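Trainee: The structure is given below, and queries will be raised subsequently.
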Amino acid sequence: MNKHMKNILLAGIMLLLFSACGTLQPASTPMEVPELIATVIEIPTNVPTEEATPENFSNYIGLNYPPFPANLAMDFSMLIQDANDYSLSLVLDSANKMLWLSKMSHTDSNGNVYWEVKDVLGLSNLETGLILSPDGCFLDSQPDHEILAAGKNGIILFAWRANTTLNLFEVIPTNGIECHSDKGVFLD
């Protein structure tokens, strides 16, 4: 094989490599929590149902806090965009992970905010290695601030709506959902 043919072959291989892998860019500084960018490319068969949520989570519904119960730890909490009187909180006890949908109940004279738990989503039964994306999700290319999703390897496996009208979490299909979040949380 002559040199000209080798150069053409090498250029073709490089073109195929770049088209398969994307563009070359310098590595970014690693972040503590990776951004979850995922779209549905397959339909999961193991979608959690209402039966997957243990009965003992219902005893938190109606709980007013602070103070936070001593046996629990809050991993993160955030306001739901465009619903400033609602929040999502990832709460842990010794054996369980749960997401609380809470509504602001009142503020005191010092400006301290108090919350009431409206619904609880159990996350302990989900497979390991998932990243929860609590915001930044789109449904059919439209932003939807009530949608949260969990995925792995760029695939959304589970999706829920934090329905602030009905004060509950709803399991929703993952079709048409895409998430771009800088607030991804590992569920390990």
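Trainee: Have a look at L126, L99 and point out the one that is in a loop (DSSP other than H, G, I, E, B), under 16 Å from L148 (Cβ atoms) and in contact (Cβ under 8 Å) with a residue 60 or more places away in the chain.
Mentor: Matching residue, one of L126, L99: L126.
Trainee: Can you tell me which condition H180 does not meet? The list is (1) over 25 Å from I61 (Cα atoms); (2) in a strand (DSSP E or B); (3) at pLDDT 90 or above, and all the others hold.
Mentor: Among (1) over 25 Å from I61 (Cα atoms); (2) in a strand (DSSP E or B); (3) at pLDDT 90 or above, the lone unmet condition for H180 is (3).
Trainee: While we're looking at this one, here's another question. From the list S102, S133, pick out the single residue that is polar (S, T, N, Q), at pLDDT 95 or above and touching a Leu at 6+ places or on another chain (Cβ under 9 Å).
Mentor: The match here is S102.
Trainee: Now for a different question. Are any residues in segment 68-90 at pLDDT below 90 and in a loop (DSSP other than H, G, I, E, B), and if so, which ones?
Mentor: If the condition is that a residue be at pLDDT below 90 and in a loop (DSSP other than H, G, I, E, B), then F68, P69, A70, N71, Q81, D82 are the ones that fit.
Trainee: Give segment 92-151 a look and list any residue that's over 21 Å from P66 (Cβ atoms) and touching a helix residue (DSSP H, G or I) at 6+ places or on another chain (Cβ under 7 Å), or say none.
Mentor: G122, N125 - these are the residues of segment 92-151 that are over 21 Å from P66 (Cβ atoms) and touching a helix residue (DSSP H, G or I) at 6+ places or on another chain (Cβ under 7 Å).
Trainee: While we're on this one: Would you mind telling me which numbered condition in (1) part of a loop (DSSP other than H, G, I, E, B); (2) at pLDDT 95 or above; (3) surrounded by 16 or more Cβ atoms within 10 Å (Cβ to Cβ) R161 fails?
Mentor: It fails just one condition, (1).
Trainee: Looking at segment 103-114, can you tell me whether even one residue there is under 17 Å from the mean Cα position of the chain (by Cα), surrounded by 13 or more Cβ atoms within 10 Å (Cβ to Cβ) and of a type in the set (A, V, I, L, M, F, W, C)?
Mentor: No, segment 103-114 contains no residue that is under 17 Å from the mean Cα position of the chain (by Cα), surrounded by 13 or more Cβ atoms within 10 Å (Cβ to Cβ) and of a type in the set (A, V, I, L, M, F, W, C).
Trainee: Please find, within segment 129-143, the residue that is farthest from the chain's Cα centre (by Cα) out of those that are polar (S, T, N, Q) and assigned to a strand (DSSP E or B). Even if it seems obvious, please write down each step before you answer.
Mentor: At the first step, the residues of segment 129-143 found to be polar (S, T, N, Q) are 133, 141-142.
From the residues that got through so far, the ones that are assigned to a strand (DSSP E or B) too are 133, 142.
Working: S133: 2, Q142: 17 Å.
Within segment 129-143, the match that is farthest from the chain's Cα centre (by Cα) is Q142.
Trainee: With respect to the numbered conditions (1) under 22 Å from P66 (Cβ atoms); (2) in contact (Cβ under 8 Å) with a residue 24 or more places away in the chain, which one is the sole condition not fulfilled by N84?
Mentor: Here N84 clears every test but (2).
Trainee: Only one of (1) buried (at least 20 other Cβ atoms within 10 Å of the Cβ); (2) in contact (Cβ under 8 Å) with a residue 40 or more places away in the chain is not met by V171, so which one is it?
Mentor: Tallying (1) buried (at least 20 other Cβ atoms within 10 Å of the Cβ); (2) in contact (Cβ under 8 Å) with a residue 40 or more places away in the chain, V171 fails exactly one: (1).
The values are calculated or read from the model by the stated rules, or taken from the named source; none is laboratory data. Just so you know, these numbers come straight off a predicted model, no measurement behind them. Virtual Cβ from ideal backbone geometry, glycine too; neighbours counted across all protein chains shown.
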